[in-house]
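Here's the structure we're looking at; comments come further down.
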Amino acid sequence: MAGINTIQELQKRFKPEAARNVTATYLFAVRGQDGSMVLTRINDGQVEFEDVSNESDPNGKADCVISVSSDDLKQILDGSMSAMTAALSGVLAIEGELGLAMQLVPIFFDGQVLM
């Protein structure tokens with residue numbers, strides 16, 4: 001399977017109507033061969049993405065950090081593994097406010113539960 005472009009995939013999946021009244025900054029830390037660090041700023045139905053892979057400490061910019069391997073992220077995005085299963089099995093790690101992570105479900109993972 002070809003490498004995943006995290007920013008492009010999240011842009012395609014973003015649901016502005018689900019992001020109304022949400023203001024938070026997330027860091028998607030994707031590990032592995034196709035890895036990247038993507039800072040995602042959501043502000044009341046708007047979203048901005050920034051590749052911060054080359055920064056020394058991007059974690060400090062985020063309210064919530066979501067870490068996952070690129071292979072596992074592909075499975076979550078294609079629906080073969082739910083985000084909840086990934087979180088409960090330790091495949092997907094959440095640092096920061098769990099409530100913020102849960103807000104991502106309707107925004108990017110429609111029909112899935114993160115935790």
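Read-outs: derived from the displayed coordinates by stated rules, not from any lab. Please read all numbers here as calculations on a predicted model, not as lab measurements. Cβ sites come from the backbone with ideal geometry, for glycine too, and all protein chains shown count toward neighbours.
Rounded, prolate or oblate: pick one for the chain, where a ≥ b ≥ c are the square roots of the eigenvalues of its C-alpha gyration tensor, a/c under 1.5 means rounded, and failing that, prolate if a/b is larger than b/c, else oblate. Walk me through the numbers before you get to the answer.
Values: a/c = 1.31, a/b = 1.09, b/c = 1.21.
Rounded, since a/c falls under 1.5.
Once the other residues with Cβ under 15 Å from the Cβ of Val91 are scored (Lys, Arg +1; Asp, Glu -1), what is the net sum?
After counting each charged neighbour, the total is -2.
Over the chain, calculate the relative contact order: mean separation of alpha carbon pairs under 8 Å at least 6 apart, over the residue count, as a percent. Don't skip to the answer; put the middle values down first.
Values: 213 pairs, mean separation 28.9, N = 115.
Once divided by the residue count of the chain, the mean separation gives 25 percent.
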